[in-house]
1. Surrounded by 17 or more Cβ atoms within 10 Å (Cβ to Cβ) and either among the acidic types (D, E) or part of a loop (DSSP other than H, G, I, E, B) (or both): does that describe B:F125?
2. What residue, of A:A275, A:A291, is free of Cβ contacts under 8 Å to residues at least 60 places away in the same chain, out of contact with any Cys (no Cβ under 8 Å at 6 or more places or on another chain) and under 17 Å from A:Y39 (Cα atoms)?
3. Quick check, is A:F294 in contact with a helix residue (DSSP H, G or I) (Cβ under 9 Å, 6 or more places away or on another chain), under 30 Å from A:L187 (Cα atoms) and surrounded by fewer than 24 Cβ atoms within 10 Å (Cβ to Cβ)?
4. Of the residues B:T287, B:T271, which single one is touching a Leu at 6+ places or on another chain (Cβ under 7 Å), within 10 Å of another protein chain (Cβ to nearest Cβ), surrounded by fewer than 21 Cβ atoms within 10 Å (Cβ to Cβ) and under 25 Å from B:T89 (Cα atoms)?
5. Assuming B:F230 fulfils every condition listed in (1) touching a Gly at 6+ places or on another chain (Cβ under 8 Å); (2) at the interface with another protein chain (Cβ under 10 Å from one of its Cβ atoms); (3) of a type in the set (F, W, Y) apart from one, which condition is it?
6. Do you know which of the residues in the range B:233-260 that are buried (at least 17 other Cβ atoms within 10 Å of the Cβ) and in a loop (DSSP other than H, G, I, E, B) is farthest from the other protein chains (Cβ to nearest Cβ)?
7. Can you tell which of B:I105, B:I112 is modelled with pLDDT of 90 or more, surrounded by fewer than 17 Cβ atoms within 10 Å (Cβ to Cβ) and in contact with a Gly (Cβ under 9 Å, 6 or more places away or on another chain)?
8. Among the residues of the range A:133-150, write down those that are of a type in the set (G, A, S), crowded, with 18+ Cβ neighbours inside 10 Å and more than 30 Å from the chain's Cα centre (by Cα).
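The values are calculated or read from the model by the stated rules, or taken from the named source; none is laboratory data. The structure presented is a predicted model; accordingly, all values stated were derived computationally and were not measured. Cβ coordinates were reconstructed from backbone atoms using ideal geometry, including for glycine residues, and neighbour counts include every protein chain displayed.
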Amino acid sequence: MGPFSKKINFKTQSHIAGYCFVILPVFGFIFFMVIPSIYSLIFAMQDQDGSFVGFQNFAQAFRDPYFFSGFGNSFIVLIGLAVQIVVALLVALLLTVNIKGQSIFRAFFFIPSLCSAVAITFVWKVLYDTNYGLLNNILWSMGLDGINWLGYRGMALVSIMIKGVWMGIGGGMVMYISSIKNVSKSLYEAAEIDGARTVRQFFSITLPSISPTTFYLLITSIIGTMTDFASYQLMIGNIEATTLNYAATPLALYIYNTAFTKSPFLDGNTSYNYATAMSWLLAIVIIVIIAGLFSTQKKWVHYND
Amino acid sequence: MTEVLVSKSNVGCPKPSRMRFSYRKSSKIKRIIKIVTAYTLLLLGSAIFLMPFIWMISCSFKPVEEIYSGSLNLIPQNGTLENFSYIFTHLNENNIFIGFLNTIIIVVPSTIVGTLVAALAAFAFAKIEFPGRNIIFFALISSMAIPGIVTMIPMLKIYNDIGWNNTWLPLMIPGMFGGAGAIFFTRQYMKNIPHELEEAARVDGYSWFGIFWKIELPLAKPIIFSNLLFGFLGGYNDYVGPTLYLSQVDSDHWTLQQVLQKLAMNAGGGTDPARMMAGSVLALIPTLIIFLVFQRFFFQGVSVNGGKDV
């Protein structure tokens, strides 16, 4: 055993170690992503009896008005996302100013993220109630008219967005705080010497330095928001068929309804096959959006490694 | 909005040209203004932000009639513990303690195993050279882009075929394979740990696993803790999983969120806002305690950009 064979030994040993260490996530990826995705494609091309129908389910989506309104709603809700990311950044900036009581304020802003979707939705439903809700009672006490918060499409979407922003700020804030703290101090010192003002410093140092976080938040929250059905179901599940007539239902919830409860387009029946076909259409749109964002990445996202 | 905020903290500050002459003094004034502005905005922001949360606590101590009356009182007029005592005395219908216990049994092992598996993989991706490393890494990360809704229905069918439906396994097992997000952040963190450390350890005769276990894992403690905490929080508050996979289990096997939901829905066909709020408050207590105890771990580690002053 000369030094040469020992070197090869180490290399092989590293390869074996490398593969062994990543094998479980790879298995997880195969079992819980690849295989179900293949199944999902097969389902999407079958009818209820399991016979192959090609792209019929996909074509059906393009004749389904609920599919299009669902898509529209999913996109509208993304507006809330932009607000959420901007507010999260503002809060994070305030919370990285060196002041006393910082950790208490951090806790305040993070508390909504500790609650479950179930609890949060209960609370907001009580706030939004047209008769006894806090918000309307505040409006009434100021002599204003109450608002039918969940009563019709436009308002219901706004109400859902407000709740989403409230719930989502904590997570974005946490990520922004740790990345703002990671911005190199020497950059600010140099700027200070150059006489750059706070505004300049923010736009030419802070914002570019934390752009990877913005990018990450943008992508994960677009996926999260567009595929979320649970919080919508908890919020408007009991009124979407009656009061709202499915007008405010985002696509993800419509897919869930089609698979598990009832689809207004299928005369109240459910269909796993049609639902999976629609979920692929949603996935394709999301992937296109993400790919689009990645192509803009070079222009505004700055990694320092 | 951003411009408004930042320039506000500049109000009254001398122009940059004058700053050179009275640099110290002006920077002190600047600092005071900055602090005052920060406090004002933070107090205002957290007041608005905490309002729903405070209202939840307030309502949990109100008799349901007081909620229905639309009273704006923050301090309940006829404060009562009845909502809580109802929950504690109707345990045979909706046992919030069993729900809590079930949730812990489901979430804790899954989170710990999943975090360690993810950390081990992240270590390999960050430190070990092996063929196909980057391809495997990007395949795993790209799985984050495939929305869960695509795999949801087939997973339900697969679980049904292998007899996992209406057991806890679908909520426990997938998480144990290590999430892509956790791998990503841990790798990011470990890349900033100096290479010299593992080289020195190798000279001392450590195996790769030894290096991971004895050196990298302890050094990566912040990100590991943050993964554990966020993993626990996600599992504890999960509503989708139980809805899909535990739809037909008996109430002894419900998770906390299921109990919470049933608690609200049972009351006379409709909903009982007072009991809902009381249940929500109870469910929040454990996560609030965990957050307050481990607060500092929540705010470190999860950074996408590189390390400090490298």
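1. On the way: surrounded by 17 or more Cβ atoms within 10 Å (Cβ to Cβ): yes; either among the acidic types (D, E) or part of a loop (DSSP other than H, G, I, E, B) (or both): no.
Against the criterion (surrounded by 17 or more Cβ atoms within 10 Å (Cβ to Cβ) and either among the acidic types (D, E) or part of a loop (DSSP other than H, G, I, E, B) (or both)), B:F125 does not qualify.
2. After ruling out the rest, the residue left standing is A:A275.
3. Yes; evaluated as a whole, the condition is true for this residue.
4. B:T287 is the lone residue from the list that is touching a Leu at 6+ places or on another chain (Cβ under 7 Å), within 10 Å of another protein chain (Cβ to nearest Cβ), surrounded by fewer than 21 Cβ atoms within 10 Å (Cβ to Cβ) and under 25 Å from B:T89 (Cα atoms).
5. (1)
6. B:V249
7. Values: B:I105 fails: in contact with a Gly (Cβ under 9 Å, 6 or more places away or on another chain).
Within the list B:I105, B:I112, the selection yields B:I112.
8. none
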